[in-house]
Amino acid sequence: MHAFRKARETDLIDIIRLLADDDIGQGREVVANPVDGRYQTAFAAIEADKNQLLAVAVDQKHHVVGCLQLSFIPGLSRTGMWRGQIESVRIAKEARSSGLGTEFIEWAVETCRARGCKLVQLTSDKSRADSIRFYEKLGFTASHEGLKRSL
């Protein structure tokens, strides 16, 4: 059984390891102890924003085995509808195929619903075919084309 909770600053090293634990993440994350100050700055900004939630999944021994970030986004379209954005979903290799990912995403969806969101959205890198199939099994549809521009 797993528990889901708001991340603590002491979880940062474990979260960063999860973010770096694939081909894409290895090239863009900095795993170091002590934690790179840019992560601490970002964590503080997330903590200060009531519309952000960095969450972790912990196992029975209280080890961090998953992470994700929720953003609660107000909007004018659809009569002022709020939407939830799920980002940076990672599950530790040893916990994959255990049902944890499904449980964590459903927890995130329910958290968005509880905050008044009427839609939940996420993006996944096109090279993550397994992840995309996973999200589709959970009812997410590729209804829009996502575009990004690095700055």
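The values are calculated or read from the model by the stated rules, or taken from the named source; none is laboratory data. Source: prediction; values computed, not measured. No Cβ is skipped: glycine too gets one built from the backbone with ideal geometry, and neighbour counts run over all protein chains shown. We work out accessible area using only protein heavy atoms, side chains counted, and drop any ligands, DNA or RNA first. Shrake-Rupley method; radii C 1.70, N 1.55, O 1.52, S 1.80 Å.
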Evaluate the following for Leu76: is it at pLDDT 95 or above and open to solvent by 30 Å² or more (accessible area, probe 1.4 Å)? yes
Of all residues being open to solvent by less than 30 Å² (accessible area, probe 1.4 Å) and in contact with a Cys (Cβ under 9 Å, 6 or more places away or on another chain) in segment 47-73, which is farthest from Ile15 (Cα to Cα)? Just the residue, please. Phe72
Subset of segment 94-151 that is of a type in the set (Gly, Ala, Ser) and within 30 Å of Thr79 (Cβ to Cβ) - its residue that is surrounded by the fewest Cβ atoms within 10 Å (Cβ to Cβ): Ser143
For segment 92-102, check the following and say yes or no: at least one residue is under 17 Å from the mean Cα position of the chain (by Cα), within 24 Å of Glu29 (Cβ to Cβ), among the charged types (D, E, K, R) and at pLDDT below 95. yes
Of all strands (runs of 3 or more DSSP E) completely enclosed by segment 54-151, which ones contain at least 2 residues that are basic (Lys, Arg)? 82-91
Working only within segment 1-41, note down all residues that are open to solvent by 50 Å² or more (accessible area, probe 1.4 Å), assigned to a helix (DSSP H, G or I) and not basic (Lys, Arg). Glu9, Thr10, Asp14, Asp23, Gln26, Gln40, Thr41
State the number of residues belonging to segment 98-122 that are under 17 Å from Ala3 (Cα atoms) and among the small types (Gly, Ala, Ser). 4
